[in-house]
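The values are calculated or read from the model by the stated rules, or taken from the named source; none is laboratory data. Here the structure is a predicted model, which means the values were calculated and not measured. Cβ placement follows ideal geometry from the backbone for every residue including glycine, while neighbour counts extend to all protein chains displayed.
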Amino acid sequence: MTSPMNRRSFLRSTAAAGLAAGLAPSLAFAQDAPLGITLVLPSPLGDVGWGRALADGLEPVKAAYGDKVKVTILENIMEGPDADRIMTKSVADGNKFLVAGSFGYQNGALQIARRNADVSVLHASGFMVAPNFTPFAAKNFEGTYLLGMAAAAVSKTGKLGSVSAFAIPELITSINAFAMGAQAINPAAEVAVVWVNSWFDPAKEQEAAKALIAQGCDVIFSNAQDTPSVVDVCEKSGAYVCNLNSSMKAYAATKYLGCAATDWSPFFLEAVNAHFDGSFKGHNAFLGTADKVEKVIDWSADIPADAMEKIKAKEAGIISGEAPVFAGPISRQDGSEGVAAGAALKDEEIVAMDWHVEGVTTPLPN
Amino acid sequence: MLLSRYQLVRRSSASRRVAILAPITALLVTIVLNFVLYIAMGKAPAAVFYAMLVEPVVSWSSFSEVLLKMTPLLLIAQGLAIGFRANVINIGAEGQFILGAIFAASIPVWVPQATGGWIWPAMLLLGGIGGALWAVVPAFWRVRLNASEILVTLMMSLIATQLLAYLLVGPWKDPMGFNFPQSVMFQLDATLPLIIPGTRVNVALILALVWTLGCWVYMQRSFQGYKLIVGGLAPHATAYAGFSEGRAVWISLLIGGFAAGLAGAAEVAGPIGQLQRSVASGYGYSAIIVAYLGGLNPIGILFSSLLIAILYIGGDNAMVSTELPIAAVRVFQGSLLVCYLAAITLVRYRIVRVVTTEARA
């Protein structure tokens, strides 16, 4: 542990040292004890959504290592002191690999990493890095750009909507890319946004979707919802719908446009391999289409063939790196210059993006 | 026509033996019910019960967390119980808790560089004031406009949640926090001193115990406390005796709001260390259960807050150590409460079969 953040964290770490000493006899595992992998999730683990994508990402790890690993999934763990305690308890129980599945676990998970050098931690959506602490995020914006192209191609009104969880950069970039993709097909396309300020509030999400459809939006982007709340409303109201993380096609037989899916398994497998051979090293893992983590699946058959051709060409450009999503010129919402012609946003600028592009009609909450 | 039905009749005096037996029976019935559930789920019941009921008490690291969890429950429940006994039903402690957290956070948010030993006591005091101020609205409406304090306190909680959300996505957002809805991390002097080295237990526990003693003295030994209790039992009689009902409403809501606000301040300045959405984690509602489980008696509440804290920590432990799904944890907690309430009812009442002759029209 290097410079402690405050007195509490220092005392906590001395606490952990004392605790570890006291528990040492009970933690005397045999050499061949399986590696305990704990996945902590902020919402209930359903059949679809963010948590499901993370849980599914661990399946290939189980398949590869068999009884050498033991995966525990802790769902619906509220961010804050409870999560800190639960993660600490899990590590004290001897689990050496922690996947902290929400941004809000950052402080607690980072403390654990600092106190336990032999524990490897993966943390979703954060920005802190430590020697055994890797923040990870998917380049959802690469998928949503393609979905935006498809949305504009099937939209009759040119008005698109997005039900979004929190105005954090990860979600802002998803919306920006969605709008830019739409404008690549229809330069007049607009995106309205409703922020529900919750990761999990199906009733509020459905209200938001209904409001957007009532305003004339005929394609809705369900941005970071863990249940088919928005998807279900759209299918019933006759609006096209697309979403993130895992496919919800089963909930919208006729109106499902596609899913910017995340497949965490290549990343998880690599991280667990690294833990086993002792080479785990904390780094910023920002993973996209080229890493095979991000991929649009379940394209709707309603997308016109010429649009699909353009989408496939753009996808190839993203993978090869020749056509990055945030390449200039890009105008900000107020018309000022966001990215100059010939320039492109770097990864560290994308993860901190706190402005909307032109064509997103709703101002950012501030 | 002969009609027979069953009726609850209050016992003239509850036997001490039954009173002690009741919670034990409730626990045993709960264990049997859940034993069956765990067998059906393919879990080892012994391991689950150990993690849930024994480990929180015998493992020091878990027990320290029980004490930490118990602190806000104890503070809030004692404050609420005073009002409940005066028949002033404040169910908005959650909102008062949030306001306490917001008021306390104002110091580290506005002067993040400030240092000095005055900061955390000032934060706790501000928190208490914030909670009490939030309770002023329902008190005023109840006394002046005769609006139900049950509805108003509850609605004020919803407003508090929105106010918190507004501050966190707006003016109080950490400028270096990548737009995440949370404040800056509090500086060292804006966090509560720890009282047990190696744990997260802080001075708020001492405050909660002192507060408990104060509540006991106030309710059992002071004339004002007596007036509140009588007012709750027989409002007309108290009005006749010249005790003011409005005064009881003000006192009840201000004390309840102050206690909840203090707990909110202790939560942000304690284990959280910053203002964030998870401040609103339901302590204000759980404390209502704690207050009634403790029989609205300050000493009873001391034990009920400990019990509920053990159930929470034990439930989390069971999830971690035995992979019990969270739904099963909630089933255990819920069934224990239901069994306990049933048992306590049978201590106070007996079931009597009443046979009546009744002519039906």
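Table: residues versus (1) farther than 30 Å from residue A:299 by Cα; (2) surrounded by fewer than 24 Cβ atoms within 10 Å (Cβ to Cβ).
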position: A:62; (1), (2): no, yes
position: A:82; (1), (2): yes, yes
position: A:86; (1), (2): yes, yes
position: A:117; (1), (2): yes, yes
position: A:145; (1), (2): no, no
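Please work out if residue A:360 is within 22 Å of the chain's Cα centre (by Cα), touching a residue at least 40 places away in the same chain (Cβ under 8 Å), surrounded by 12 or more Cβ atoms within 10 Å (Cβ to Cβ) and more than 14 Å from chain B (Cβ to nearest Cβ).
Taking the combined requirement at face value, the residue satisfies it.
For residue A:93, work out the one condition from (1) surrounded by fewer than 23 Cβ atoms within 10 Å (Cβ to Cβ); (2) of a type outside the set (S, T, N, Q); (3) within 14 Å of chain B (Cβ to nearest Cβ); (4) within 25 Å of residue A:353 (Cβ to Cβ) it doesn't fulfil.
Failing condition for residue A:93: (4).
So, in segment B:138-168, of the ones that are within 14 Å of chain A (Cβ to nearest Cβ) and not β-branched (Val, Ile, Thr), which residue ends up surrounded by the most Cβ atoms within 10 Å (Cβ to Cβ)?
Only one residue fits best here, namely B:168.
Determine which member of the set A:309, A:315, A:322 is modelled with pLDDT of 95 or more, touching a helix residue (DSSP H, G or I) at 6+ places or on another chain (Cβ under 9 Å), not assigned by TED's automatic domain parsing to the domain that holds residue A:58 and not aliphatic (A, V, I, L, M).
Of the residues listed, the single one that is modelled with pLDDT of 95 or more, touching a helix residue (DSSP H, G or I) at 6+ places or on another chain (Cβ under 9 Å), not assigned by TED's automatic domain parsing to the domain that holds residue A:58 and not aliphatic (A, V, I, L, M) is A:315.
Going through segment A:133-188 one residue at a time, which ones are of a type in the set (A, V, I, L, M), farther than 30 Å from residue A:278 by Cα and within 14 Å of another protein chain (Cβ to nearest Cβ)?
Residues satisfying the conditions are A:165, A:167, A:168, A:171, A:172, A:175.
Give the residue that is farthest from the other protein chains (Cβ to nearest Cβ), with candidates limited to residues of segment A:41-57 that are over 18 Å from residue A:229 (Cβ atoms) and of a type in the set (A, V, I, L, M, F, W, C).
Among those that are over 18 Å from residue A:229 (Cβ atoms) and of a type in the set (A, V, I, L, M, F, W, C), it is A:54.
Can you tell me which residue in segment A:114-132 is nearest to the other protein chains (Cβ to nearest Cβ), limited to those that are more than 16 Å from residue A:39 (Cβ to Cβ) and touching a residue at least 60 places away in the same chain (Cβ under 8 Å)?
A:127
In a helix (DSSP H, G or I) and among the β-branched types (Val, Ile, Thr): does that describe residue A:311?
yes
Kindly provide the set of residues from segment A:327-360 that are β-branched (Val, Ile, Thr) and within 18 Å of residue B:178 (Cα to Cα), ordered by number.
Matches in segment A:327-360: A:350, A:351, A:357.
Of the residues that make up segment A:58-65, is at least one modelled with pLDDT of 95 or more, touching a His at 6+ places or on another chain (Cβ under 7 Å) and more than 9 Å from chain B (Cβ to nearest Cβ)?
No, every residue in segment A:58-65 fails to be modelled with pLDDT of 95 or more, touching a His at 6+ places or on another chain (Cβ under 7 Å) and more than 9 Å from chain B (Cβ to nearest Cβ).
Anything in segment A:165-186 that is of a type in the set (S, T, N, Q) and within 20 Å of residue A:49 (Cα to Cα)? List them, or say none.
The answer is A:173, A:174.
Being surrounded by fewer than 21 Cβ atoms within 10 Å (Cβ to Cβ) and small (Gly, Ala, Ser) is the requirement here; does residue B:265 meet it?
no
Hey, any hits in segment B:228-239 for a residue that's among the polar types (S, T, N, Q), at negative phi, part of a helix (DSSP H, G or I) and free of Cβ contacts under 8 Å to residues at least 24 places away in the same chain?
There is at least one residue in segment B:228-239 that is among the polar types (S, T, N, Q), at negative phi, part of a helix (DSSP H, G or I) and free of Cβ contacts under 8 Å to residues at least 24 places away in the same chain.
Report the residue count in segment B:169-202 for those that are more than 9 Å from chain A (Cβ to nearest Cβ), in contact with a strand residue (DSSP E or B) (Cβ under 8 Å, 6 or more places away or on another chain) and surrounded by 18 or more Cβ atoms within 10 Å (Cβ to Cβ).
The qualifying residues number 3.
May I ask you to say which residue of B:314, B:273, B:294, B:284 is buried (at least 21 other Cβ atoms within 10 Å of the Cβ) and in contact with an Asp or Glu (Cβ under 6 Å, 6 or more places away or on another chain)?
From the options B:314, B:273, B:294, B:284, the qualifying one is B:284.
Just checking, how many residues over segment A:324-339 are without any contact (Cβ under 8 Å) to a residue 40 or more places away in the chain and either among the acidic types (Asp, Glu) or part of a loop (DSSP other than H, G, I, E, B) (or both)?
Residues meeting the conditions: 8.
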